Structures are given as C-alpha cells and as structure tokens.
Amino acid sequence: MTDLTVHAPGTPHTPEGPGVRGDPGAPDVSGDSGIHGAGRPARLRHELRAIHALVHRDLLRLAGQRTHTALMLLHPMLYLLILGGGLAALIPRSSLGVGYQTYLFPGMLMMTVQTPAIMVGIRLITDRQSGYLRELLMAPVSRATLLLGHCAGGTLTATAQGAVLLGLAGTVGLPYDPLLLVLLLAAMVLASFTITAMALALAVTLRRAETFHTLLGLIMMPLLFLSGGFFPLHTLPGWAHTLAAANPLAYAVDLLRRCITHHVPGPQAATGIEWAGRQPPLPLEAGLLLATGLLALLWAARRFNRPE
C-alpha cells in the first residue's frame, strides 16, 4: 500500500483534516482558491500527485496479489475453454454466424474486467471501515480527486486483466491483428471505466461491505446475462429486450463483438442491441457507454463530497 504524501511543505496536519474552519494554516480544499501561497499550477500538481498515488497503490496491489489475480482470470478462462468448447459442438455455427467460442469471447472479456472493476467499490467501503479513507481525506486535495484516483486505478487494473485474456484470442479462432487488438483494448477501457464508476456510485451510498456484496449478487449477474455475452439477445422474451436496451454491459459486449465481426472474414455474428429493429451506430454505443460512466462518477462525487 502506497503512502499518499500530498501535503504541501509546512502545511499543518490536524486530526480534523485540512481546510477545517478555524484552522488558519490549513489549505482550502474546496477547489475555489487553491493552496495558500501557491497558484493554480501548484494546486493541479497536488491533485495529479494524489491520483498518481492512488493508481500506484492499485498497481502495487495487482502485482503483489498474483495468486488472487490468477484465480480471477481462471473463472472466465474455464467458461471460455470448457463451457464454450462443449457447447460449440451442440450449437450450430449457422445460428450464430461464428463458432460458439468466438461468439462467447466478448462476454468473457466483459466478465474478466467486471470483477476487478467492482472490487474498487468494495475497497472503498473497507477503507472507510478501517479508517484509511479518513487519512486520505486529510490530504490537501479535493474529495473528487480522490474518487477520480480510485476510478482511474480500477479502470487500469481491470483493463490489464482483460488484456491478459486477449492472449487467448487465437484459441477461439481470432487473428492476432494489431488493429483488432487495439480496438478490443479500447472497448475494454471504456467498459472498465463505466463499471468502475457504477461500483463507486454504489459504494459511496452503502456503508457495509456485506450489503454491497449482496446487492451486487442481485444486480451484476442479471446484467451479465442480459448483455448478450452468452446467447443472442433476440432469443430473449420480448419484455427482456427493454431491460437489455437499458443495460450498459450489453452495449459494451456489443462493441467488443462488432469490433470482432468487422475484422474477421465470414458471416456476421448474431446481432446484439437493436433499436426498432436496427443496430445503433458504433460511435453512438461508445458515447452512451461513456456518458453512463461519467454520470455515475459525477453522482458518486456529489455523494462523496458530503461530510463523513
């Protein structure tokens, strides 16, 4: 765990934290006036150092918990190689446009980035319970910056784990085309950011990790099944199409799958999200996914700014 040393030289460090009324030497962290005796560039450096420290902390955790990371990657790998391999012989290729393992691959990429992105919300709750979050809040940076650092760290670690699964692209019949890999990686960054922001929005609302785990069990698996990662969305009942159209994970899976179908010769894979019988453009899907993540992060920042 890295130490978030972002205090300005000579800044008093009081138990109430910086920026407390009645402490004339503490810097203002409201974001309006900047650090006393320094301009906006100095304030910006402090904010960036805080984000860097939190991202560094997540990367150190990822590097230090290799067994835990390997176990998280094992789950989607088993789904892809065993479940996908077994069902590939039962599901005709003509019904999907591609082999079932190829069809399943975007869903497994989504499952891979989903778990570490959600863990960011769990760590925020445990940091609050252990008192570590209170220590972070004493740093002379805004609360929104701390939340952004958590989101950036979660996005980066989730994408890194998803990139490992990209190494199995050849086993499901996908070419190691650099452009395809870059597009898939970019889609995973977008999906990781959105899921991380949603997890943080939920974490700042809840106070107990047990409640967070229970609620995730009720929400995340249905969202994954309604994403089109395991089977085409058109096979769902009519009422489920509306739920799928409102599911951010469905747009993320659709982005990944359409990137694959546009770079793999042969029949087009079964379609995903449809609006009035037509697929939305790829830029629109990406924009909706980004907007969902930004709205979730802004809402989380507003809740996080409330006093503890």
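The values are calculated or read from the model by the stated rules, or taken from the named source; none is laboratory data. Everything numeric here is computed off the predicted structure, so don't read it as measured data. With ideal geometry, Cβ positions are generated from the backbone for all residues, glycine too; neighbour counts draw on all protein chains shown. To get the accessible areas, we keep the full protein, side chains included, count just its heavy atoms, and leave off ligands, DNA and RNA. Shrake-Rupley method; radii C 1.70, N 1.55, O 1.52, S 1.80 Å.
Quick notes
- Nitroxide proxy distance, nm - points 7 Å out along Cα→Cβ at L284 and A245: 1.1 nm
- Working note: Cα gyration tensor of the stretch 144-241, eigenvalues times five, square-rooted, sorted largest first, giving semi-axes of 27, 22, 11 Å.
- Inter-probe distance in nm under a simple model that places probes 7 Å from Cα toward Cβ, at A276 and A63: 5.3 nm
- The accessible-area ordering, largest first, of the residues I219, I260, I51 stands as I219, I51, I260, per a 1.4 angstrom probe.
- Residues of the stretch 117-160: accessible area per residue with a 1.4 Å probe, Å²: 29 Å²
- Shown for the stretch 62-221: the carbon plus sulfur share of the solvent-accessible area, taken with all protein chains present and a 1.4 angstrom probe, equals 69%.
- For the stretch 78-191, the orientation-averaged shadow of the C-alpha convex hull comes to 9.0 nm² (one quarter of the hull surface).
- Of Y100, Y176, Y79, Y132, the residue with the largest accessible area leads and the full order is Y176, Y79, Y132, Y100 (1.4 Å probe).
- Solvent-accessible surface of the stretch 185-279, taken per residue with a 1.4 Å probe and all protein chains present: 45 Å².
- Evaluated at q = 0.21, 0.23 Å⁻¹: base-10 log I(q)/I(0), Debye formula over Cα of the stretch 120-165: -0.74, -0.83
- Efficiency of FRET from Cβ geometry, L179 and L44, R₀ 35 Å, rounded to 0.05: 0.50
- In terms of overall dimensions, the stretch 138-201 has a Cα radius of gyration and Dmax of 15.2, 52 angstrom.
- Among 272-279, 138-145, the order from most to least packed when residues are scored by Cβ within 10 Å on average: 138-145, 272-279
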